[in-house]
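Before any comments, here is the structure.
The values are calculated or read from the model by the stated rules, or taken from the named source; none is laboratory data. What you see is a predicted model, and the numbers here were worked out from it, not measured in a lab. We place every Cβ from the backbone using ideal geometry, glycine too, and count neighbours over all the protein chains shown. Note: areas computed on protein heavy atoms with side chains; ligands, DNA, RNA excluded. Shrake-Rupley method; radii C 1.70, N 1.55, O 1.52, S 1.80 Å.
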Amino acid sequence: MPHRALSLPLLLAVAASVASAQASGRPPTRTPPRPAPVRPAPANAAVAPSPAQTLVRLAGMVYDSVAGAPLSEASLQLVLERDPANARNAFSNKDGLFTVDSLVPGVYLLGVFHPRVDAMGMDQFVRRLDLSAPASRDSTLASATTTRATISVDIALPSAATLIAATCGDSTVAEEGGMFRGVLRRATASRPGTPGMVRVQWSEIMVSNAGVQSTNPLRRVRTDAQGTFVVCGVPPGGVLRTRAWSATDTTGYVEFRVPDHGVLLRDLYVGAALRMAVKAAPDSGSKDSVVVRGMSTLRGNGSARGVVQGTAGKPLTGARVSLWSSGVEATTSSEGRFALDGLPTGTFTVESRAVGYAPQQTVVDVIDAENATVVLAMNALPSPSLDTVRVRANMTRSDRGMEEFEQRKRAGMGYYLDAAAIELRNPSLVSDLFRTVPGLMILPGQFAGDQVMMRGAGFSATCTPTVFIDGMRTGSDGNLDAVVTAQMIRAVEVYPRAMNVPPQYASFDNCGSILVWTGPRK
């Protein structure tokens, strides 16, 4: 994402506003008046010293406190506070280091410009430096009329805790919560921000006097007019299931891991997609992308090129690569390369599968008329061997649910889809699984995607079923594609009539329930 151009007048105005606010005790104005433009001096221009003048050489590092690493390729602008007619520019190198030579001693304003500064939501990052009393002198550069001195100053961007407190409030920091911040953008060449909605959900384990409970907190936030969004209270180290909309444009279903420090900075892209019904397509060993069998797919003008790597980074031949929800799949060549065409534009998930390797997913931004670049590194599964020692492991919630699934399936009180039935349908979208299920209707969603609805009781034509994922109740509005992906589903139970719902999964709203179990389809 390109950062904003250097603005000397704005830099000076911000500094003036801050100084005035400190004197008067009032907060600084957010949009200061713009003074007349000032032409900056060339970056290498030296100020002519007066007799016996001491010039300053400023050296330091720009550090990203959130990432915990130097900030490379940052633009710096230095202005003498008492004489703002001249500005000096510099850039940090790959190690975050910078230098500015031949400065007249005095008080300076230093501005840092970088996409990371924009992503953090800071209009300007300005620091006031007093270079009037050099701390050390380089005697080798001294002459009869001029003495040169070096001052070292490190510039650190705000820490994660500072950003969270400034954006979400001190209470979020006290509760050890994080934040997800970004801009919702159009998936076009210019990538403009656009207003819309962002939906985020994650899983939490709550321990209390009542015991251990699993919950799935859900957040829906609207962006501002420029597309900026902030989701507060997300779990550091947790995985966010995310989807976003702007009018009829949408992202795919994607997952992001929140860094342990609690600040996730990531833009999302929405694009137009054409819903296409596909009855079947033959299997193909071609290196070109093909449409695999499914009931409906999302297509568009996007494309992706990439490589799949196996052990030790070697190219992996014959791996299957697909973009979730698109129904487009490709097989890698002998060089591990693949090409996906006709993709919907926006932020989506790309997945690769190969025999002997664990499936691998990554998030990719598919931009209109551009080729997205994808690299997938797959991890080999352990070689099968005969057990010499029997190990008993605790069953997961999904495993226990599958035992109950088989018992209820034999009782036949609902409608059941096991792994074999799901594989036969091979859906691209979750809603495709339910298109032929008795008692269900697939309706256009409010923002994007389809809603799975049930026939209502009494005078209600439709009602929203209660959805459970691995036994945990979700806040779904019927758009199951925003909660889980078809590739993750292991089995499904549908109870269109409230009277047939198992007691532990009752909805209490006179509508039925849908139970989704995730995991590998063995």
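What to note about this one:
- Checking each residue in region 64-78 for being of a type in the set (D, E, K, R) and buried (at least 17 other Cβ atoms within 10 Å of the Cβ) picks out only ASP64.
- Every condition in (1) modelled with pLDDT under 85; (2) closer than 26 Å to VAL350 by Cα; (3) surrounded by 15 or more Cβ atoms within 10 Å (Cβ to Cβ) is met by LYS522 except one, and the failing one is (3).
- Filtering region 223-265 to residues that are under 23 Å from MET206 (Cβ atoms), surrounded by 16 or more Cβ atoms within 10 Å (Cβ to Cβ) and of a type in the set (Lys, Arg) leaves only ARG241.
- Looking only at residues in region 152-168 that are under 21 Å from the mean Cα position of the chain (by Cα) and either among the aromatic types (Phe, Trp, Tyr) or surrounded by fewer than 16 Cβ atoms within 10 Å (Cβ to Cβ) (or both), the one that is nearest to VAL234 (Cα to Cα) is THR167.
- Counting only strands (runs of 3 or more DSSP E) that fall entirely inside region 446-514 and contain at least 3 residues that are at pLDDT below 85, the qualifying elements are 450-455.
- Within region 316-336, residues that are within 10 Å of ARG353 (Cα to Cα) and open to solvent by less than 20 Å² (accessible area, probe 1.4 Å) have Cβ atoms under 6 Å from residues that are assigned to a loop (DSSP other than H, G, I, E, B) and not charged (D, E, K, R) in these pairs: ALA319/THR332; ALA319/ALA354, counting only partners at least 6 apart in sequence or on another chain.
- With respect to the conditions (1) open to solvent by 30 Å² or more (accessible area, probe 1.4 Å); (2) modelled with pLDDT of 80 or more; (3) out of contact with any helix residue (DSSP H, G or I) (no Cβ under 7 Å at 6 or more places or on another chain), ALA149 lacks only one, and its number is (1).
- Scanning region 330-363 for residues that are at positive phi and in contact with a Pro (Cβ under 6 Å, 6 or more places away or on another chain) turns up just one, GLY336.
- Cβ-Cβ contacts under 7 Å between residues 6 or more apart (or on different chains), taken from a first residue in region 87-98 that is at positive phi to a second residue that is outside any loop (DSSP other than H, G, I, E, B), are listed as GLY96/MET61; GLY96/VAL62; GLY96/TYR63; GLY96/PRO70.
- Consider region 266-277 and keep the residues that are more than 11 Å from the chain's Cα centre (by Cα) and buried (at least 16 other Cβ atoms within 10 Å of the Cβ). The one that is modelled with the lowest pLDDT is ALA273.
- Residues satisfying the stated conditions in region 192-210, i.e. buried (at least 17 other Cβ atoms within 10 Å of the Cβ) and of a type in the set (D, E, K, R): ARG199
- Residue count for region 356-394 under the criterion of being modelled with pLDDT of 85 or more, assigned to a loop (DSSP other than H, G, I, E, B) and open to solvent by 90 Å² or more (accessible area, probe 1.4 Å): the result is 2.
- Any hit, region 420-428, residues being open to solvent by less than 60 Å² (accessible area, probe 1.4 Å) and either at pLDDT 85 or above or touching a Pro at 6+ places or on another chain (Cβ under 7 Å) (or both): yes
- Scan of region 480-506 for residues that are in contact with a strand residue (DSSP E or B) (Cβ under 6 Å, 6 or more places away or on another chain) and open to solvent by 10 Å² or more (accessible area, probe 1.4 Å), ordered by number: MET488, ARG490, PRO496, VAL501, TYR505
- Cβ-Cβ under 6 Å pairs, at least 6 apart or on other chains, region 134-163 side within 30 Å of ALA67 (Cα to Cα) and of a type in the set (Ser, Thr, Tyr), far side open to solvent by 30 Å² or more (accessible area, probe 1.4 Å) and modelled with pLDDT of 50 or more: THR150/ARG57; SER159/SER65
- Filter pass, VAL173 being open to solvent by 30 Å² or more (accessible area, probe 1.4 Å), farther than 28 Å from ASP123 by Cβ and either among the β-branched types (Val, Ile, Thr) or at pLDDT 90 or above (or both): no
- If you check THR223, THR251 for being within 24 Å of GLY302 (Cβ to Cβ) and out of contact with any Pro (no Cβ under 8 Å at 6 or more places or on another chain), only one passes: THR251.
- Tally of residues being part of a loop (DSSP other than H, G, I, E, B) and within 21 Å of the chain's Cα centre (by Cα) across region 169-185: 2
Per-residue answers, yes or no, for (1) modelled with pLDDT under 90; (2) in a helix (DSSP H, G or I); (3) at negative phi:
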{"site": "VAL126", "(1), (2), (3)": "no, no, yes"}
{"site": "LEU129", "(1), (2), (3)": "no, no, yes"}
{"site": "ALA144", "(1), (2), (3)": "yes, no, yes"}
{"site": "LEU163", "(1), (2), (3)": "no, yes, yes"}
{"site": "THR167", "(1), (2), (3)": "no, yes, yes"}
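- Meets criteria (out of contact with any Phe, Trp or Tyr (no Cβ under 8 Å at 6 or more places or on another chain) and open to solvent by 20 Å² or more (accessible area, probe 1.4 Å)) for SER303: no
- Test: residue in region 186-198 that is in a strand (DSSP E or B), over 14 Å from ALA247 (Cα atoms), of a type in the set (D, E, K, R) and modelled with pLDDT of 85 or more: no
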